[in-house]
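The values are calculated or read from the model by the stated rules, or taken from the named source; none is laboratory data. On a predicted model such as this, the values are computed, not experimentally measured, just so you know. Glycine also receives a Cβ, built like all others from the backbone with ideal geometry; neighbour counts cover every protein chain displayed. Accessible surface areas use protein heavy atoms only, side chains included; no ligands, DNA or RNA. Shrake-Rupley method; radii C 1.70, N 1.55, O 1.52, S 1.80 Å.
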Amino acid sequence: MKTRMTTAALLAALWGTGAGTATAGTLGIDSDNAWIRSAGPRLGVLYLSDAETRRALKERHAGKMLTVFGWQAEHEYFKADGVAGLVEVIPAIAGMEAGMFLPSLTAMLGVRIGGFEIGVGPSAGTGVTSKVVDSPTGPVTKTSAAVGIGMAGAVGYTLEYGRVNFPLNLAIVRNASGYRLGFMFGWQLRELRS
């Protein structure tokens with residue numbers, strides 16, 4: 001009996017996630033003990049709610065939204081009755097168009113049923129803080145990076161075309177200073193392992 005295999009990514013800002021399905025037969029391998037891993041780039045936009053980061057962005061003539069570029073790697077750790085358990089890691093960088101380097105790393109555990117998925121996990125990343133300090137020439141605003149950790153959650157759906165997945169996802173990361181809401185898309189090549 002051929003085992004129906006699925007692949008996906010849930011998140012994260014992060015901030016990005018993705019999902020998809022495949023069978024061992026559609027990938028050209030006849031195996032009851034095979035599993036799928038997938039990886040690929042993630043692109044998207046990120047809305048920032050915390051006031052300090054938005055103030056620092058305004059000083060750089062950037063808006064409340066930033067672009068995000070990242071990479072997502074995912075593995076299934078179980079599959080039963082059409083439900084797959086997933087674990088993912090998503091490193092990403094935001095803010096390059098504003099001259100900023102805001103890296104993050106998100107790890108997620110999730111579940112996929114068909115092409116729909118949901119996942120949660122920790123997300124560590126940098127934000128920007130700014131404060132006004134006195135100087136001999138008058139007040140000066142200084143910006144600096146601040147590292148924080150929060151919880152990420154994501155929902156999504158993946159379109160399939162052959163061995164390539166095209167995930168579409170919404171993600172939110174909540175931490176002590178506010179939240180980040182993102183929309184991510186990308187593509188992933190599925191690889192079957194036995």
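Worth pointing out:
- Dipole of region 60-130, positive end: most advanced residue of GLY127, PHE78, PRO91 [Cβ charges, Cα centre]: GLY127
- Extension gain, HIS61 back to ASP81 (0.36 nm per residue minus Cα-Cα distance, nm): 2.1 nm
- In Å², nearest 10: area of MET96 left accessible to a 1.4 Å probe: 100 Å²
- Applied to region 175-186, the Karplus parametrisation 6.51 cos²θ - 1.76 cosθ + 1.60 on θ = phi - 60° returns per-residue 3J(HN,Hα) values of 9, 5, 8, x, 9, 10, 10, x, 10, 10, 9, x Hz, with x for Gly and Pro.
- The figure for LYS58 is an accessible area of roughly 150 square angstrom, using a 1.4 Å probe on the protein chains alone.
- HIS75 exposes around 70 Å² of accessible area when a 1.4 Å probe is run over every protein chain in place.
- 3J(HN,Hα) along region 106-116: 10, 10, 9, 10, x, 10, 10, 10, x, x, 8 Hz, from the Karplus curve 6.51 cos²θ - 1.76 cosθ + 1.60 with θ = phi - 60°, whole Hz, x for Gly and Pro.
- Karplus (6.51, -1.76, 1.60) ³J(HN,Hα), θ = phi - 60°, over region 152-157, in Hz, Gly and Pro reported as x: 10, x, 8, 10, x, 8
- ASP50 long-range amide H proximity, modeled H, under 5 Å: TYR179
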